[in-house]
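The values are calculated or read from the model by the stated rules, or taken from the named source; none is laboratory data. No experiment lies behind these values; they were computed from the predicted model shown. No Cβ is skipped: glycine too gets one built from the backbone with ideal geometry, and neighbour counts run over all protein chains shown. All accessible areas refer to the heavy atoms of the entire protein, side chains included, with ligands and DNA or RNA removed. Shrake-Rupley method; radii C 1.70, N 1.55, O 1.52, S 1.80 Å.
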Amino acid sequence: MARALPRPPRAHPRLALVLRAVAGALVLGFVQHWRYGYSAGNGDHRVLSAQGMHWADPTLFAGDWFLERSPQPHWLFDVVTWFGMEIGKLSTVYVGYWALSLLAFGLATALLARRWAPAHQSTATVLVCFLAGMMPWWLLGTGSPLYPNALPVVLAGCMVYLVVAALFTDHRTFAAVAAVVAAAVHLQQGMVLAILLIGLAAVRFHLGRLPGTGRRRVDRVLLLGGAGCAAVVLFGLWLRPVAGEISDFAQICTQLIPYHCEASSWSTHVVWAGMALVGLAVLSCLYFSRSTIATWAVLIALPAFGLVVGVAADRWNVPMVGELAQGLNVYRLDVVLLPMAVWGLIVPLFAPVKTWVRLIALGAVIGLGYLLAGSYTFDPRWMFERPNGGPWLLLFAGALVVGAAAMAVRARKPGWATGTNGVVHGSALAVVGAVLAAVFSAGAPPLRTFDVVYISDNDIHDWGMAVRRTLPPGAQLISPPLGQYIRMASGRGVVADCKNVPYGGDAWIEYQHRINSIGGLEQCLMKIPSVFFTLPLERYTQVAREFGADYLVVEEGMQWRIPELVAAGWTIVLEPVSKLRNTVLRAPVN
């Protein structure tokens, strides 16, 4: 009889984990870029990149009132931006920053897959990362961290998931260190993690006793991690005090960003879709046993409870509590729940539960998933048919039914594990196929070029460079508030715009005075550029004198006013240099 050939050695568990994490990160990155397109130099970069740029080149944003009066708390991001500017590779540094967020998410998913789907680790990792990229962008007032942009909120959001995953898989020291790093990246998320770590330490102290002694166990690792997070947050607030009162931020929510933090302005449909995400996150409890459910209660149930209570108090204007929910930005808790909602979607495939529980969970997933598929209201790149995803998502539900049936058979017939594993793999593939079919039937976006250049819009970039060459450092601009690109592209301060808004305090009072002088806040909320374009002619001159802003940016929609501006003593200093058709005029000298 021929001797059987030896089986090849299995890959080292840590290497396999890393490979799965990288694979998940690549899948998530591809889906994000396909959906939104990676970008740099727009969005929140128009607020957050300025300080680091000013450090590297003091001529940029010199004399900018917002930079001086309302510095952002993300000091570590300023250091990253400064470093990128210093070495002349800001675009590359930002791509690396985004890649770190993808790797954090991929590693967290791989860790949980090893614990929650041991027979399907690679399948579960790829499936979760794919579905995560398709999840709604808007999460009950908070933008998803799963967005292709180098931002503190993106990296910190993914690191929160990594900390939670590490705690769920008993990597406490790693979780504590990662939590402190996350706090340095984003102060709000750092405070959330501090509360969760200390809360978990308190619960374990209450429940755990040392064998044979009866004394309670103190988890020093969690306490040190929580204290470290709190210390980093306090250091950040000392370094960059965020001036403002809770009432100020509540006012900003109402007047300027109701879609972020004014729940009473949201439609019932929007609220139910958001609550569906919370419900799916709660379903993740089915991955836990009785001995570990306390950890889930602290890390998932507690944020879910806080979020639901905060949204309800805000929506129904509960005295004090509603304003407190707005001022503390309780909506950030959704970032903790988003990844768990993805795992909740696939509970029927992987959760180790009894058949009757799996059937109930299957019904809950289908119902909550139907509501979640209606989360398009504030989404900039909704990928599915409206109102609830289209008929192809029925295949999604069918795939879950087949996979759940296979898991039920496996529970009764353990000897059929190999066959049922194949069915579960096929069901996961069918889930991906159903989502892709739904996306393409709704008109899938074309695959974009991966353009990493900071301000990749050539027209905006060329115009901004022309302004920098023409206007002296320290020059201040009167610009249309809705022209949010102007400040960052030109490297010059502006009187006010709709993007760079203080959190409160004296800076918020000054901002209101400035924005009111050029048309008021309503133009920001209602997106009405004509408000600025049609101001009385003498107003531009008054604003120039009051705020020391000697230059006026005239966008294409305002070109008709150039003759009367010139007649009033304004001088053209920069003609249009690109398709942007912007003209810059200097104020009368008197």
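Key figures for this structure:
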read-out	value
Lysines with Cα under 26 Å of K89, excluding same-chain neighbours fewer than 8 positions away	K499
Over 23 Å [Cα-Cα, the stretch 463-590], rounded percent	25
Mean Cβ count within 10 Å, highest first, over the residues of peptides 168-174, 327-333, 104-110	104-110, 327-333, 168-174
Lysines whose Cα lies under 21 Å from that of K354, excluding same-chain neighbours fewer than 8 positions away	K413
Per residue accessible area in Å² of the chain, where ligands, DNA and RNA are left out and the probe is 1.4 Å	43
Exposure of C498 as accessible area (Å², to 10), given a probe of 1.4 Å and all protein chains	20
Chymotrypsin sites (Phe, Trp or Tyr not before Pro) lying in DSSP loop within the stretch 444-510, provided at most 16 other Cβ fall within 10 Å	F450
Aspartates and glutamates whose Cα lies under 18 Å from that of K579, excluding same-chain neighbours fewer than 8 positions away	D457, D459, D462, E555, E556
The stretch 391-547, accessible surface, carbon-and-sulfur percent (1.4 angstrom probe)	62
Heavy-atom accessible area order for M526, M53, M320, largest first, 1.4 Å probe	M320, M526, M53
Rounded accessible area of R581 (nearest 10 Å², 1.4 Å probe)	110
Cα long-axis angle, helix 355-372 against the chain (0 to 90 degrees, to the nearest 10)	10
Segment I246-S291, extension gain: residue separation times 0.36 nm, minus the distance between their alpha carbons	12.2 nm
With every protein chain in place, the stretch 253-321: carbon and sulfur % of accessible area (1.4 Å)	72
Percent accessible area from carbon and sulfur atoms, the stretch 9-61, protein chains only, probe 1.4 Å	66
Packing-based ranking, highest mean first, of 175-183, 248-256 given that Cβ atoms within 10 Å are counted	175-183, 248-256
Accessible area (Å², 1.4 Å probe, nearest 10) - H74	20
